[in-house]
Amino acid sequence: MSKKFMNYIDGKWCDAKSNERFENRNPARWKEIIGTFPRSSKEDINQAVESARVSFKSWSSMPAPARGAILKKVGDLLTKSKDEIASHMTREMGKVLAETKGDVQEAIDTAYYAGTFTRQLFTYTVPSELPSKFATTVRRPVGVAAVITPWNFPLAVPSWKIFPALACGNTVVWKPAGDTPHTANLFVEILLEAGLPAKVIQLVHGHGSEVGGPLVSHPDVNLISFTGSTDVGQSITRQAGIKKISLEMGGKNAIIVTESANLDLVVDGILWGAFGTTGQRCTATSRAIVHESVRDRLLAMLMNEVKKLKVGNGLEKQVQVGPLINESQFKTVQSYVEIGQSEGAHLLVGGKGDRSEGWFFEPTLFSDVKPAMRISQEEIFGPVLSVLTYKSFDEALEIANTSRYGLSSAVYTQNVREAFLAIEKIDSGITYINAPTIGAEAHLPFGGIKDTGNGHREGGWMAYDFFSEIKTIYVDYSGRLQRAQIDNY
Ligand code: UN1
């Protein structure tokens, strides 16, 4: 009998109304079932949203610093159980322990940031154009926030959304990814243990269309924060109507390797950026755009190191690359290896999977990739790096920008001019100089342009703008009617 996990709706751990369930398996040992989870539907969502709507009244009236004290406690509890949560997370989604610990750490940092930020929810005060009149702005909570999160950062990404949402006084209905429901339950247990009032968070498990659809289209949901694929993001915008929506979607992130680059540093950066998290990050390095003069040397160095990477169960100490998340992702990566070969790219290293026990896939390197090829354009979300070459720096920038996505980017150079040109010209929300495309810090804005995002940023101070509304206040103490735009000219 596998363990039965629950939803958390209206202050109670409960089954889905339908009583149906889905299985959650360990991607490194696919025969191993972690547990079953409620397969929820519209009815469960309706109950969760209604409960979140009711609890919004008291939660939004609490002074923000009092909400912050709870978030600080969440940070303390996450710190205490960091190792335990990390090992559950590795078992559930595969990435190696050092990375799942990093994932928990990101949530801890975000909790402390949010806790403190409740004491600095600043706004602007500006002079009025009229005498004896005061003009200022205040923040107000928005209402019920729908939070929809992916499996690759099962704790960090939810924390980017849930903590600022709560800090600003919103209540939350959370639909976590179907591949990482266990981490979600552990997270909600910690929120409750820290003293979050019961109905302020609602956790509804299930499949995207069955739970996500009714959630985003629910009339009492006021804002939606989503991280996932561009396709799903587009469908959310179609279903959500005029709600406030923050979308964080795909990437096809490039590293430009210039003539002056320190190639040892580049190799370390590529190994981490392309194969860390088995390439399953929206920020993963999936293209290396290399100056023709250093191409051969870099490829030789890379081949050597990529072959040495140890693929396996992320719970084992010496393993560097865990499994892919599930069978469907395994097939997708496999199909891109075939696509790359049929497009005429050269498969240098890897390309094979081993699904006998888990969804393992070799770190894979393609050279002779051309910008228009599908492996250079489409997000693979696996351990596959496409290497392209360039002659002039302008051409490198152009290739980097030949993408529908614009999340992260990187340039390795010793040349200040190239570094600043990259900052100015690359169409992306993040640019790293002499560091790979992954590894955003929790207190800086995170997000992308083009098909990656819709103008919002997570992380740092900007998240708080999304999760609050601004009200403008005018106080006229002149004792007479003053007409703006008329009486002062
Ligand atoms: C994601 O893959 O959705 O910058 C987020 C990074 C991580 C976040 C990735 N801190 O790579």
#### Entry: Euclidean distance between Cα centres, the range 282-317 to the range 226-243, Å
34
### Solvent-accessible area, 1.4 Å probe, carbon plus sulfur percent, for the range 28-78
59
### Task
Determine the per residue accessible area of the range 253-433 with all protein chains present and a 1.4 angstrom probe, expressed in square angstrom.
41
### Message
Before I look further, what does the range 1-101 give for accessible area per residue, probe 1.4 Å, in whole square angstrom?
### Response
47
#### Entry: Coil-residue chymotrypsin sites (Phe, Trp or Tyr not before Pro) of the range 1-61, DSSP, other Cβ within 10 Å capped at 11
none
### Summary
Here, trypsin sites (Lys or Arg not before Pro) of the range 25-133 satisfying both criteria (DSSP loop; at most 15 other Cβ within 10 Å) are Arg119
### Task
Give the residue from Leu407, Gln341, Ser51 lying farthest towards the positive end of the charge dipole for the chain; charges sit on Cβ (+1 for Lys and Arg, -1 for Asp and Glu) and the dipole is referred to the Cα centre.
Ser51
### Query
Of the cross-linked pairs Lys133/Lys161; Lys95/Lys199; Lys42/Lys471; Lys12/Lys450; Lys57/Lys161; Lys317/Lys352, which ones have a Cα-Cα span greater than 29 Å in the structure shown?
Lys133/Lys161; Lys95/Lys199; Lys42/Lys471; Lys12/Lys450
### Message
With viscosity set to 0.692 mPa s at 37 °C, what whole-number translational diffusion coefficient in µm²/s follows for the chain from Stokes-Einstein and a Kirkwood radius over Cα pairs?
### Response
139
#### Entry: Largest-first principal axis extents of the Cα set of the range 398-484 (Å)
64, 26, 24
### Task
Pull up the DSSP beta bridges for the range 253-433 and report the antiparallel fraction as a percent, rounded to 5.
20
## Note on the structure
Taking protein heavy atoms only, a 1.4 Å probe, and rounding to whole percent, the accessible area of the range 212-292 owed to carbon and sulfur comes out at 51
### Query
What's the center-to-center distance, using Cα atoms, between the range 39-92 and the range 467-486 in Å?
37
### Query
On average, how much area does the Cα convex hull of the range 253-433 cover when viewed from any direction, in nm²?
9.6
## Note on the structure
Over the range 1-125, the quotient of the Cα radius of gyration and 2.2 N^0.38 Å is 1.32
## Note on the structure
Computed, not fitted: 222 nm per-residue ellipticity of the chain from DSSP H runs ≥ 4 (each -39500 (n - 2.57)), nearest 500, equal to -11500 deg cm²/dmol
### Per-selection Kirkwood Rh - the range 196-265 (Cα, Å, 1 d.p.)
15.0
### Query
When the dipole is taken about the Cα centre of the chain, and only Lys, Arg (+1) and Asp, Glu (-1) are charged at their Cβ, what size is it in debye, to the nearest 20?
1180
### Message
My understanding is that a pair violates if its Cα-Cα distance is over 26 Å; which of Lys82/Lys175; Lys3/Lys80; Lys80/Lys331; Lys175/Lys244 do that in this structure?
### Response
Lys80/Lys331
### Task
Work from the charge dipole of the range 441-489 (Cβ charges, +1 for Lys and Arg, -1 for Asp and Glu, about the Cα centre) and give the residue of Gln485, Ile449, Phe466 farthest towards its positive end.
Gln485
### Query
For the range 344-488, treating each Cα as an identical point scatterer without solvent, what Debye log10 I(q)/I(0) comes out at q = 0.19 1/Å?
-1.24
### Task
Report the charge-dipole magnitude of the range 253-433 in Debye, nearest 20, computed about the Cα centre from +1 at each Lys and Arg Cβ and -1 at each Asp and Glu Cβ.
260
### Task
Can you tell me the relative contact order of the chain? Whole percent, Cα pairs under 8 Å, sequence separation 6 or more.
18
## Note on the structure
Measuring from the longest principal axis of the C-alpha atoms of the chain, the long axis of helix 230-240 (C-alpha) lies at a number of degrees, nearest 10, equal to 20
#### Entry: Mean Cα-pair separation over length for the range 1-108, i.e. relative contact order, pairs under 8 Å, 6 or more apart, %
24
### Accessible surface of the range 356-406 [probe 1.4 Å, protein heavy atoms]: carbon and sulfur percent
49
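The values are calculated or read from the model by the stated rules, or taken from the named source; none is laboratory data. Since we're looking at a predicted model, the values are computed, not measured. Methodologically, a virtual Cβ is constructed for each residue, glycine included, from the backbone with ideal geometry; neighbour enumeration extends over all protein chains shown. The accessibility values were calculated without ligands, DNA or RNA, using every heavy atom of the protein model including side chains. Shrake-Rupley method; radii C 1.70, N 1.55, O 1.52, S 1.80 Å.
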